[in-house]
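**Q** One structure follows; several queries about it will come next.
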Amino acid sequence: MEMPANTVKNDIEDFLKDTGFEATIGLEVHCELKTATKLWCSCKNSFGNEPNTLVCPVCLGLPGSLPVLNKRAVEYAIRIGLALNCTVQNSIFHRKNYFYPDMPKDFQISQYDIPINADGYVTLPDGGSVGIVRAHIEEDTGKSTHFSASGRIHESSATLIDYNRAGIPLVEIVSAPDITSSEMAKAYVTELRNIIVATGATDGKMEEGSMRVDANVSVKRIQDSELGTRCEIKNLNSLRSLGKAINYEIKRQVDNILSGQKVVQQTRHFNEDLNQTVTLRTKEEAEDYRYFPEPDLVPLNPGAAWIEQIKAEMPPLLIERRRMVQDLMRETQEIDQLQSAIAILVDLNLDSVFKQTVGIGANPTIALKRLTNEAANAVEAARNLNPEQFAKLIQLETDNKISTTQSKTILSKMLENPDKTLDILISELNIVSFGEAETTALVEQLIKDKPDEFERFKQGDDKVTQFFIGQIMRLSKGQANGKLVTEILMKKRNQF
Amino acid sequence: MTQDKSFISKEQVLHVAALAKLNLSDQEVTKFTAQLSDILGYANELSELELKDVSPTAHPIELENVFRDDTVLKSIDNSKVIQNAPESLNSQFKVPPILDD
Ligand SMILES: [Zn+2]
């Protein structure tokens, strides 16, 4: 249901307007790279295995083990940087020191003052833009499970650690604080996800935790120039939680200030059950990560030639793929209304079959509509549609040889039976073509049989159109094309 | 040595100890403050060198771009993984609850 979400959104907008505050939001998005192995060792990078089966001395942080950088991880990080319009630069690795049992070395190898990618941006579908401060390489932590009788995180009685995820390569994408609402945050994460998934570097599955978002939220009075104290909400793993957590946090901070309290800088956790953020820890001590250059790793200097090669071997960028579809739809009148369908087509990876089908001569608008509506329910099959047979089907619909309903029926069979030709499907489905000639014959017969109704229609009673369409649908067993019936009726009215 | 001038304060030692989750006695604080000060003082002798014309380096060895191919090798056996764990449950490391507030 859309209603509650919209209500919340408007509530927050109204609330900010009434109180004279505005929100400033920056997001840190962690995405796991789709490499075969981990970042520093040759253990398999894989999700959903038995605990602690994909570990070795390196990713367990055993004494004497040494990290060696995965070349593919660097390539993927550079792909992401290029797709986010970043400068790809020479960089080094740092140790970020903190004690937490999911980090077996007691430090995380990350990048600090010189990240591999810096200064990019993401253009949002509504034309807005969000700056990218950096997109750096780091390693993931192990997975901890808190357990307790009540199942509540603050009452956990012990913690279990699985290090399979420890050392999996991540790219952390840090946005500029350009985001002003939960809606904009969701639009940014959605577009960012689509962009980076299109690079082939990551699968962006928030529900599996391969993409996780931390949100930095602060509020200030509109007239103030200085930003307010920010709070960081950790590990938001769905767009829904992201939106709810931000709205909750905005309201909490404004309420705090209005009641004369100060916002304390802290790390918070979003509790899905309570629908609110709760304190994890205050910043004072945790900030002190004592970064220093990782002595076990040498500088990473990709150089122009390698970057060019990565660019050349990379799948086309999302924006280029959308542009390709837009180019094929140049002639279409309704292109402005079809922009979101174009985005969906590309996100579903159906732009390639679209391109081939339209290349054969199929009507691009119909191809786009069928692919993003009917075919989207069977997206795997849709990607493997035979462009020739699909183009033929669209041609029949374009030429009014079959109705839209018939076309959709045939398409669903075509998706289920990739080996059958259009002709076979039509005969198996007993599809009867009601083209111009067949439909005209039916209309003429009906005019003869129902002279009174036709007389009323001639006098200008357009409601009779529905009667005629109903009759013809009955005669044709639902296979006639209502749009064509109307056209022919109009023609007949002018003739008589 | 650096008897008269300490390169690290007691407060800094306590701060670092807190970050490392160590509880130090007063005696230990005094002892480690002196020891750490000695180490920092020794490292500080580097600042006496004339380094105006030396560019900063991230690594003492003149190497860059040391990579590994993205090829899976065998991980170690699970029984060995948790062999040294003080406590374990279901092949996982069991630790005290880590959310302390
Ligand atoms: Zn490993």
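The values are calculated or read from the model by the stated rules, or taken from the named source; none is laboratory data. Only a predicted model underlies this, so the values are computations on that prediction, with no experimental measurement involved. Here the Cβ positions follow ideal geometry from the backbone for every residue, glycine too, while neighbour counts run over all protein chains shown. Just so you know, the surface numbers come from the protein's heavy atoms only, side chains and all, with ligands and any DNA or RNA stripped out. Shrake-Rupley method; radii C 1.70, N 1.55, O 1.52, S 1.80 Å.
**Q** Output the residues belonging to region A:116-150 that are within 13 Å of chain B (Cβ to nearest Cβ) and in contact with a helix residue (DSSP H, G or I) (Cβ under 6 Å, 6 or more places away or on another chain).
**A** If the condition is that a residue be within 13 Å of chain B (Cβ to nearest Cβ) and in contact with a helix residue (DSSP H, G or I) (Cβ under 6 Å, 6 or more places away or on another chain), then A:116, A:137, A:142, A:143, A:146, A:148 are the ones that fit.
**Q** Which residues, counting only those in region A:21-76, are within 16 Å of the ligand (Cβ to nearest atom), among the β-branched types (Val, Ile, Thr) and facing chain B (nearest Cβ under 9 Å)? If you could, list the steps in order and put the result at the bottom.
**A** Taking region A:21-76 and keeping what is within 16 Å of the ligand (Cβ to nearest atom), we get A:32-33, A:35-47, A:49-70, A:72-73.
Checking the rest, the ones that are also among the β-branched types (Val, Ile, Thr) come to A:35, A:37, A:53, A:55, A:58, A:68.
The answer is A:35, A:37, A:53, A:55, A:68.
**Q** Would you kindly identify the strands (runs of 3 or more DSSP E) lying entirely within region A:224-322 that contain at least 3 residues that are touching a His at 6+ places or on another chain (Cβ under 8 Å)?
**A** Details: elements: A:231-236, A:266-271, A:276-282.
Of the strands (runs of 3 or more DSSP E) lying wholly inside region A:224-322, those with at least 3 residues that are touching a His at 6+ places or on another chain (Cβ under 8 Å) span A:231-236, A:276-282.
**Q** Right, next: Test residue A:179 against the stated conditions and say whether it is within 16 Å of the ligand (Cβ to nearest atom) and not small (Gly, Ala, Ser). Quick ask: steps written out before the conclusion?
**A** Numbers: within 16 Å of the ligand (Cβ to nearest atom): no; not small (Gly, Ala, Ser): yes.
Spelling it out, it is not the case that residue A:179 is within 16 Å of the ligand (Cβ to nearest atom) and not small (Gly, Ala, Ser).
**Q** Then there is this: Quick check, is residue A:207 open to solvent by 80 Å² or more (accessible area, probe 1.4 Å), in a helix (DSSP H, G or I) and in contact with a Ser or Thr (Cβ under 9 Å, 6 or more places away or on another chain)? Steps first, please.
**A** On the way: open to solvent by 80 Å² or more (accessible area, probe 1.4 Å): yes; in a helix (DSSP H, G or I): yes; in contact with a Ser or Thr (Cβ under 9 Å, 6 or more places away or on another chain): yes.
It is true that residue A:207 is open to solvent by 80 Å² or more (accessible area, probe 1.4 Å), in a helix (DSSP H, G or I) and in contact with a Ser or Thr (Cβ under 9 Å, 6 or more places away or on another chain).
**Q** I want to confirm something. Restricting to region A:233-244 and keeping residues that are in contact (Cβ under 8 Å) with a residue 60 or more places away in the chain and not basic (Lys, Arg), which single residue is nearest to residue A:279 (Cα to Cα)?
**A** Ranking the qualifying residues of region A:233-244, first place goes to A:242.
**Q** If a residue has to be β-branched (Val, Ile, Thr) and more than 14 Å from chain B (Cβ to nearest Cβ) to count, how many in region A:290-329 make the cut?
**A** 2
Per-residue answers, yes or no, for (1) open to solvent by 70 Å² or more (accessible area, probe 1.4 Å); (2) polar (S, T, N, Q); (3) under 23 Å from residue A:422 (Cα atoms):
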{"site": "A:328", "(1), (2), (3)": "no, no, no"}
{"site": "A:332", "(1), (2), (3)": "no, yes, no"}
{"site": "A:358", "(1), (2), (3)": "no, no, yes"}
{"site": "A:363", "(1), (2), (3)": "no, yes, yes"}
{"site": "A:385", "(1), (2), (3)": "no, no, yes"}
{"site": "A:394", "(1), (2), (3)": "no, no, yes"}
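**Q** For the condition away from the ligand (no atom under 16 Å from the Cβ) and either open to solvent by 20 Å² or more (accessible area, probe 1.4 Å) or assigned by TED's automatic domain parsing to the domain that holds residue A:169 (or both), what is the one hit in A:102, A:140, A:113?
**A** The match here is A:113.
**Q** Go through B:32, B:7 for me and flag whichever is away from every other protein chain (no Cβ under 14 Å), in a loop (DSSP other than H, G, I, E, B), at pLDDT 85 or above and surrounded by 14 or more Cβ atoms within 10 Å (Cβ to Cβ).
**A** B:7
**Q** Now, a different point. For residue A:46, work out the one condition from (1) open to solvent by 20 Å² or more (accessible area, probe 1.4 Å); (2) outside any loop (DSSP other than H, G, I, E, B) it doesn't fulfil.
**A** With respect to (1) open to solvent by 20 Å² or more (accessible area, probe 1.4 Å); (2) outside any loop (DSSP other than H, G, I, E, B), residue A:46 is out only on (2).
**Q** Given the residues A:39, A:66, A:27, A:62, which is the only one that is open to solvent by less than 20 Å² (accessible area, probe 1.4 Å) and in a loop (DSSP other than H, G, I, E, B)?
**A** A:39
**Q** Taking the conditions exactly as written (out of contact with any His (no Cβ under 9 Å at 6 or more places or on another chain), over 23 Å from residue A:101 (Cα atoms) and open to solvent by 30 Å² or more (accessible area, probe 1.4 Å)), does residue A:22 satisfy them or not?
**A** On the way: out of contact with any His (no Cβ under 9 Å at 6 or more places or on another chain): yes; over 23 Å from residue A:101 (Cα atoms): yes; open to solvent by 30 Å² or more (accessible area, probe 1.4 Å): yes.
When the stated conditions are applied, residue A:22 passes them.
**Q** To continue, here is another question. Taking the condition acidic (Asp, Glu), out of contact with any strand residue (DSSP E or B) (no Cβ under 7 Å at 6 or more places or on another chain) and within 16 Å of the ligand (Cβ to nearest atom), does residue B:69 pass?
**A** Yes, satisfied.
**Q** Continuing with this model, one more query. I'm trying to understand the selection: among the residues of region B:41-65, which are more than 14 Å from every other protein chain (Cβ to nearest Cβ) and not in a loop (DSSP other than H, G, I, E, B)? Steps first, please.
**A** Of all residues in region B:41-65, those more than 14 Å from every other protein chain (Cβ to nearest Cβ) come to B:41-42, B:44-54.
B:41, B:42, B:44, B:45, B:46, B:47, B:48, listed by residue number.
**Q** Here's another thing I want to ask about it. Tell me which of these residue A:213 doesn't satisfy, since it passes every other one: (1) open to solvent by 30 Å² or more (accessible area, probe 1.4 Å); (2) under 19 Å from residue A:131 (Cα atoms); (3) not basic (Lys, Arg).
**A** (1)
**Q** Contact list please: Cβ distance under 6 Å, first residue in region A:156-167 and more than 9 Å from chain B (Cβ to nearest Cβ), second residue of a type in the set (Phe, Trp, Tyr), pairs at least six apart or on different chains.
**A** Hits for this filter: A:167/A:40.
**Q** Count, please, the residues in region B:67-101 that happen to be open to solvent by less than 70 Å² (accessible area, probe 1.4 Å) and either in contact (Cβ under 8 Å) with a residue 12 or more places away in the chain or farther than 10 Å from residue A:52 by Cβ (or both). Walk me through how you get there before you give the answer.
**A** Here is the first cut: in region B:67-101, the ones open to solvent by less than 70 Å² (accessible area, probe 1.4 Å) are B:67-68, B:70, B:72, B:75-76, B:78, B:81-82, B:85, B:88-89, B:91-95, B:97-99.
Checking which are either in contact (Cβ under 8 Å) with a residue 12 or more places away in the chain or farther than 10 Å from residue A:52 by Cβ (or both) leaves us with B:67-68, B:70, B:72, B:78, B:89, B:91, B:94-95, B:97-99.
Total meeting the criteria: 12.
**Q** Just to be sure before I move on: is residue A:292 open to solvent by less than 20 Å² (accessible area, probe 1.4 Å) and more than 26 Å from residue A:122 (Cβ to Cβ) in the structure I sent?
**A** no
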